[in-house]
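Asks: Next up is a structure, given as structure tokens.
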Amino acid sequence: MISVGEIYDYIDSFAPFRSAMSFDNPGLLVGNREAGVSSAVLSLDITPAVVQEAHELGAELIVSHHPVIFHPLKSLSADSAPYLLAKYGTAAICAHTNLDMAAGGVNTCLAERLRLRNVGTLGEYEDSGLPEALEGETGCEYTPEAFARFVKEALGCDGLRFTDGKRTITHVGLCSGGGADLVYAAAQAGCQAFVTGESKHNILLDAENMGVTLVDAGHFHTENPVILPLAVKLKTKFPDVAFFESKRMHSPAKYL
């Protein structure tokens, strides 16, 4: 039987855990390397509902993007995800910023979903030199509103926010999740648009003033594109393990 450690080592081969940003806490956060795995669940987040789903499926492992333990635990309630993982004996491998920046990782998958061409590095993480943001060219010209509508449809968003850069869009920068502060690098690189998952009021104002159409498509929807490609990669490497995409992971944001 394939072990948790073998799956961890494979993820480490294309998204090295040591390359994660300094604030991060990725890795094997629950369980041990020697445990066997016949099935696993992939999810952006490890919530109590996702742990229960894995238990019902008989999965011994959850592979997630966001760390199930980020800050030191000061208490552990019986209905929390870490407690339930331990209760059910379910291991957790969490690949966060190391997967964001990896070739074929979250940002790459987002660029592919947005059909960008000639994709290259927009900004590098200073500690590793890995790309924390990407840029590419669109296949056609967009108005700001038309581009925002395209992003909404491409990512399956319930809704999104965008600024009107008042320029035709052919050159796009992106950083999945909470990468809005990289809009300044995008403006310097000549991008007319920038796609990310979270943005504050002052950054939206700055984007508008710089003539950049900043599309805030939500944290979940800018990172979810990695789940299916990651599942395919893992299934190809470990054909004897059943990998399930979680049906209970979801965006907590609702739109009226």
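Asks: Take every DSSP beta bridge whose two residues both sit in the chain, then give the antiparallel share in percent to the nearest 5.
Replies: Taking every DSSP beta bridge with both residues in the chain, the antiparallel ones total about 45 percent.
Asks: At 1.4 Å probe radius, can you tell me the per residue accessible area of segment 23-65 in Å²?
Replies: 35 Å²
Asks: In nm, what is the difference between 0.36 nm times the number of residues separating residue 57 and residue 198 and their Cα-Cα distance?
Replies: Answer, rounded to one decimal: 47.5 nm.
Asks: Can you return the aspartates and glutamates within cross-link range of residue 235? Criterion is Cα-Cα under 17 Å, with same-chain partners fewer than 8 residues away left out.
Replies: 6, 9, 12, 60, 245
Asks: Keeping all protein chains in place and using 1.4 angstrom, which order do 243, 220 fall into by accessible surface area, from largest down?
Replies: Largest accessible area first, the residues go 220, 243.
Asks: Given a 1.4 angstrom probe, what's the average accessible area per residue across segment 152-230, in square angstrom?
Replies: So segment 152-230 comes to 40 Å² accessible per residue, rounded to a whole number.
Asks: By how many nm would the segment from residue 1 to residue 247 grow when fully extended, if each residue of separation counts as 0.36 nm and the alpha-carbon distance is taken off?
Replies: Separation in residues times 0.36 nm, less the Cα-Cα distance, equals 86.0 nm.
Asks: Also, I was wondering about something else. What lysines could a cross-link reach from residue 152, if we take a straight Cα to Cα line under 17 Å and drop same-chain neighbours fewer than 8 places away?
Replies: Of all the lysines, those that pass the test against residue 152 - Cα under 17 Å, at least 8 places apart if same chain - are 254.
Asks: When the accessible area of segment 82-239 is computed with all protein chains present and a 1.4 Å probe, what percentage of it is carbon and sulfur?
Replies: For segment 82-239, the apolar C and S fraction of the accessible surface comes to 47 percent.
Asks: Test of understanding: what is the full-extension gain from residue 184 to residue 167, defined as 0.36 nm times their sequence separation minus their Cα-Cα distance?
Replies: Stretched out fully, the residue 184 to residue 167 stretch lengthens by 4.5 nm.
Asks: How large is ³J(HN,Hα), in whole Hz, for each residue of segment 233-247 in order, when computed from phi with the Karplus curve 6.51 cos²θ - 1.76 cosθ + 1.60 and θ = phi - 60°, using x for Gly and Pro?
Replies: With coefficients 6.51, -1.76 and 1.60, one gets 4, 5, 5, 5, 6, 10, x, 8, 9, 8, 10, 10, 7, 4, 9 Hz.
Asks: Largest first, what is the accessible-area ranking of 210, 1, 249 with a 1.4 Å probe?
Replies: 1, 210, 249
Asks: Modelling each spin label as a point 7 Å along the Cα-to-Cβ direction, I'd like the residue 124/residue 238 distance in nm, to one decimal.
Replies: Once both label points are built, they end up 3.3 nm from each other.
Asks: Run the numbers on segment 1-147 and let me know its relative contact order in percent, using alpha-carbon pairs under 8 Å that are six or more apart.
Replies: Relative contact order comes out at 24 percent.
The values are calculated or read from the model by the stated rules, or taken from the named source; none is laboratory data. Bear in mind the structure is a predicted one, so any value in this text is a computation, not a measurement. Positions of Cβ are backbone-derived with ideal geometry, glycine not excepted, and every protein chain shown enters the neighbour counts. Quick note on the areas: whole protein, heavy atoms, side chains included, nothing else; ligands and nucleic acids left out. Shrake-Rupley method; radii C 1.70, N 1.55, O 1.52, S 1.80 Å.
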